[in-house]
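Heads up: the structure comes next, in structure tokens.
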Amino acid sequence: MLDLINVSYDTLIPNNVGLSNDKRVLKALEKWHPGYINWWNDLIPDNFQKSLVYLRTAVSVDPKGWAKFDYVKMPEYRWGILLAPQVEDRKIPCGEHAGEPAWQEVPGEYRALMRRLIVIQGDTEPASVEQQRFLGKTAPSLYDLRNLFQVNVEEGRHLWAMVYLLHKYFGADGREEADDLLRRSSGSEEAPRMLGAFNEETPDWLSFFMFTYFTDRDGKMQLEALAQSGFDPLSRTCRFMLTEEAHHMFVGETGVGRVIQRTCEAMKEAGIEDPYETDKIRALGVIDLPTIQKKLNLHYTLSLDLFGQEVSTNAANAFNSGIKGRYMEHRLEDDHRLTDATYPVCQFVDGEIKIVDVPALTAINMRLRDDYTRDASGGVVRWNKIIEKAGVDFELKLPHESFNRKIGVFADKLFDPEGKLIHGQEYDDNVNSWLPTHADGDFIQSLMVPCYEPGKFAGWIAPPKVGIDNKPGDFEYVKLYMA
Amino acid sequence: MNKPVKQHLIDPEICIRCYTCEMTCPIEAITHDDSNVVVDFEKCEFCMACIPVCPTGSIDEWRVVETPYSLEDQFGWEELPVQQEFESAASEADTSIEALDDAMAALLAEAHSGAGGKAKAPASASKPSINLYTLGKPAEATVQGNYRLTAENADTDVRHIILDFGGQPFPVLEGQSIGIIAPGADADGKPYLPRLYSISSPRDGERPNYNNLSLTVKREPNGICSNYVCDLKVGDKVKVTGPFGATFLMPNDAQANLLMICTGTGSAPFRAFTMRRQRSNAGSSGGMTLVFGARTPESLPYFGPLKKVPETILRKHLVFSRIEGEPKHYVQDKLREEAGAVAEILKDPNAHIYICGLRSMEEGVEKALSDISDGIGIEWAAVRNAMRDEGRYHVETY
């Protein structure tokens, strides 16, 4: 019998999907594998490939088994194919098929739509590893270096998860798409990644933390929605990926929090009360709070664009066909079909932003984005508590959803962070205090010097409150390979 | 007063509200509002499924409470409340978080009672994991080794047992114990309760970075579990609960000066302490002194390996009570002979005293420490209570 909890190691690829009995898919994946390893080896600098990194590897999808910590060389990390255990008698949770048994195979009529969703999700996973490829050289501590690599190997595993679905359920088309996932490359002229935010470079660690907090959170919301899919293998894949995605949220939230903490401490030590005394604060070797706000504005708004058009028939189709649900669909109490329901959406009417009720079915993207904003604002509350505790008079805010948008109803128009429609001149006069400038980037870059001594941290970031896996403060999270 | 209960909580300052625990909980005992993720006391069954999936460690928090915190209480928190103090009359088994199993908690409370008050962990100790595996859901370990530690002609049979946990996470700290469940049933047909054994290897494994640990077990005449353990063969599977113990731990502070007094298998935690120091400290440390009593060198566990530990790491005083032609010599006698050094330790704010072994050693050791205190004009009971309250005086006897 197929053992769905324990991971089998009888093939090159650890899995709990019975690969050794599925020769066709196994062969396809083994053919894809060398390309993946080449991609990985090209990305991560050689000395890091040879270093021992204290990583968490999933050895089972049982809660007690998937968090096994050990020193691993990254190329030897066991990227596996792991699906959450099958729920017996699972039903399609939403749309016109709600209540019917969940699909174990792809229904023919939804094949193209489903493939596209899986490819879009799959494309983001390797993209972020590509975006973060240079960060190892400037890690503020071994703790942070380890967290970066953990994020990287898990994004790699998520790519595996999507490639498995493509190989298993989409035949030759699927194999071609899987190859293309390795062919496209973040920031490339000829073959860029599919979504805009995934072609931006992650140039420094504050950007990395902001990215993992805001952009990976979009990934989390998309995974949450796909975990509600009526296509059971996709649902199970995404449910297991979510447990790993949580670590990325952790890196982002605590990373930004630790930067804020250190800035506030340095200000207090130097007796600086005014958070806008930027030059004096920067002279302390820490990142001033207004610059952190600007980075927040940028990453939050780029991430909002990832949710697509507020009103979308594609999204309606995905929901209605039962391919993609809403956030926590199983906990919502309505008919799960949304035939007559409406949902309030911000629209631009006669030169003004208005809240308009639209058919809920077409507002699926918007709803997920609202859930995202609620989720993202939680961390901002925590960050503000750090500032308040330190006794600094400053408050971080999420900008209005209309600010700095490239996709949706607010694109092509200019708004300030409060959501006021403004003219070009006013925007140009103020944009340098709303979004990070080249000079801000250069300053942050100037702080990016590596700190590789166990237990030590770069001067612009505070140590974490708790170690990974309960390890003590001076734990050597990465044993660096010295050539 | 209500009987105090143990409550599972989440640290809101560390939690990042990813809800992974909530999704993992098999019985929906975890819920959230816009600010906090919380555990419902009425529902939580301590199954521990949520512990390893938490990316932050915020999930592993426990409090002993007379009245459990409600969901509303927890939603309102910005930080975790401190552990409430219980009157000294309150039972330690009820008011400590050494174990979540009541039977195991009672055994540990009994073992720690010789410290004369509520046990506290050293300030710089790591946070222990408690009771990840229970009687209902034990871990399964595989025996990797079983070696006799005492000479063939010795009057006792003490064994060094190595257990491997494979892929199951089993995080331990030096000084913790595990429970072993002997197979079979008692006279009433009930399965045996686990017996507690101190771990004798350091936190990173008997072999560094292997998921294994060692025990030091003495064969007791008619002892059901000890005979079972001492007869284990390589490859045998053993049912294990735990880990247990949250106070008899070693300080992480390398400058802490440790005085460790033991007899027989009471040496188990001190082997772990010593190996931890050897593996983790390249530089100088605050020092370690071992006063170890046995009948003869042949019956002293780890006699050979112990001799090889350099005196610069561990000052060793081995004392024997049954050597032919020599007077009986006990650990308390050695303490008196070393009165000057012991007095220094009693006055040192970085010093920790650990006593582990048979219950019968307690009285003599306590009397010796008391007399040494008198000699330098300090009152033993006051020193002991102060040290214990600071997490610097630890007793585990059985």
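Computed from the coordinates by the stated procedures, all read-outs in this text should not be read as laboratory data. The shown structure was predicted, so the numbers you read here are calculated from the model rather than taken from an experiment. Cβ atoms come from the backbone with ideal geometry, glycine included; neighbour counts cover every protein chain shown.
Quick notes
- Per residue, the convex hull volume that the Cα atoms of segment B:57-133 enclose (Å³): 129
- Among the listed pairs A:K280/A:K465; A:K68/B:K127; A:K73/A:K168; A:K220/A:K324, those with a Cα-Cα distance over 20 Å are A:K280/A:K465; A:K73/A:K168.
- By the helix-only formula, in which each DSSP H run with n ≥ 4 contributes -39500 (n - 2.57) and the sum is divided by residues, the protein assembly as shown has a 222 nm mean residue ellipticity of -11000 deg cm²/dmol.
- log₁₀ of I(q)/I(0) at q = 0.17, 0.21 Å⁻¹ - segment A:9-145, Debye sum with one point per alpha carbon: -1.24, -1.50
- Distance distribution P(r), segment B:247-396, all Cα-Cα pairs, bin width 10 angstrom from 0: 11, 43, 36, 10, 0 percent.
- Mean partner shielding of peptide A:460-473, defined as the number of other chain Cβ atoms within 10 Å of each residue Cβ, is 3.
- Shielding of peptide B:43-56 by partners, expressed as the average count of other chain Cβ atoms within 10 Å per residue Cβ, is 4.
- Computed Rg/Rh of segment B:340-381, alpha carbon atoms with Kirkwood Rh: 0.98
- Stokes-Einstein D for segment B:5-84, Kirkwood Rh over Cα pairs, 37 °C, 0.692 mPa s (µm²/s): 264
- Helix B:102-112 and the long axis of chain B differ in direction by around 30°, with both axes built from C-alpha atoms.
- For q = 0.04 Å⁻¹, Debye-computed log10 I/I(0) when each Cα of the protein assembly as shown counts as one equal scatterer: -0.21
- Shape analysis of segment A:262-384 yields a ratio of the Cα radius of gyration to the Kirkwood radius, Rg/Rh, of 1.17.
- Separation of alpha-carbon centers, segment B:234-262 and segment A:13-29, rounded to whole Å: 43
- Relative contact order for chain A: 19 percent, from Cα pairs under 8 Å spaced at least 6 residues apart, divided by residue count.
- Compared with the dominant Cα axis of chain B, that is its longest principal axis, helix B:380-389 is turned about 40°.
- Where Rh is the Kirkwood radius over Cα pairs, Rg/Rh for chain A: 0.97
- Segment A:160-277: translational diffusion in µm²/s, Stokes-Einstein, Kirkwood Rh over Cα pairs, 20 °C, 1.002 mPa s: 126
- Taking amide H atoms as placed 1.01 Å from N in the peptide plane, the amide H of B:W62 lies under 5 Å from those of B:L9, each 5 or more residues away in sequence or on another chain.
- Ranked by the mean number of other Cβ atoms within 10 Å of their residues, highest first, the peptides B:334-343, A:164-173 come out as A:164-173, B:334-343.
- Chain B - Debye-derived log10 I(q)/I(0), Cα point model, q = 0.08, 0.10, 0.12, 0.14 Å⁻¹: -0.44, -0.69, -0.99, -1.31
- Fraction of antiparallel bridges per DSSP, chain B only, in percent to nearest 5: 60
- Here the 3J(HN,Hα) profile of segment A:145-158, calculated from phi with Karplus coefficients 6.51, -1.76 and 1.60 at θ = phi - 60°, is 4, 4, 5, 4, 5, 4, 4, 4, 5, 6, 4, x, 5, 5 Hz, Gly and Pro shown as x.
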